[in-house]
1. Kindly establish whether P110 is touching a Pro at 6+ places or on another chain (Cβ under 8 Å) and at pLDDT 95 or above.
2. Tally the residues that are of a type in the set (V, I, T) and more than 18 Å from W66 (Cα to Cα), restricting the search to the range 106-149.
Amino acid sequence: MTLTTLTRRPPQIAPTPRRPLRRLGLLLGLLLCLPAGAADRAPSSAPSPLDAYAGRVVYVDFWASWCAPCAESFPWLNTLKQTFGSRLAVVGVNVDENGADADAFLRRHPAQFDLVRDPQGRLAAHYALPGMPTALILDPQGRVIHRHSGFRRADIAAYEAAIAEALNPSTPTGTHR
């Protein structure tokens, strides 16, 4: 699955000496008006493959074929899917530009969870990923409530505690980074 967006080019206006400062002021004003955590929400300008999971807690794992820790995480991700079943959506987002690379990786490391392809890196850029792998837990409204970068077997208990917290609506959840 690939992401598509519609783009529209703004009309070209020759800048005047004062216009760059005015544009900068407008941009800063808009940034200050954004609600807290706006960058942690799913993109709203175009349909996102993650929109299909609205109303559910989602564990999103961004991965690439060249990433050794990504390969190490796949058996655990398969276990997550089996353990939590329909209570937790597990989604792997591949960022390889070449689909054949991802396909070769998947032959070596089969996925028993949903997969999304993001060859242009739009979702990865939206969530400002620091590296591969990066995982997010989205609440039923699509907000990021947990994020971690890398995969370490020694940290699995912490990852699973964050998932349990997200799945338990009686426990207040906060943003974990």
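The values are calculated or read from the model by the stated rules, or taken from the named source; none is laboratory data. Keep in mind it's a predicted model, so treat the numbers as computed, not measured. So basically every Cβ, Gly included, is an ideal-geometry build from the backbone, and we count neighbours across all protein chains shown.
1. No: the conditions fail for P110.
2. Adding up the residues that qualify gives 3.
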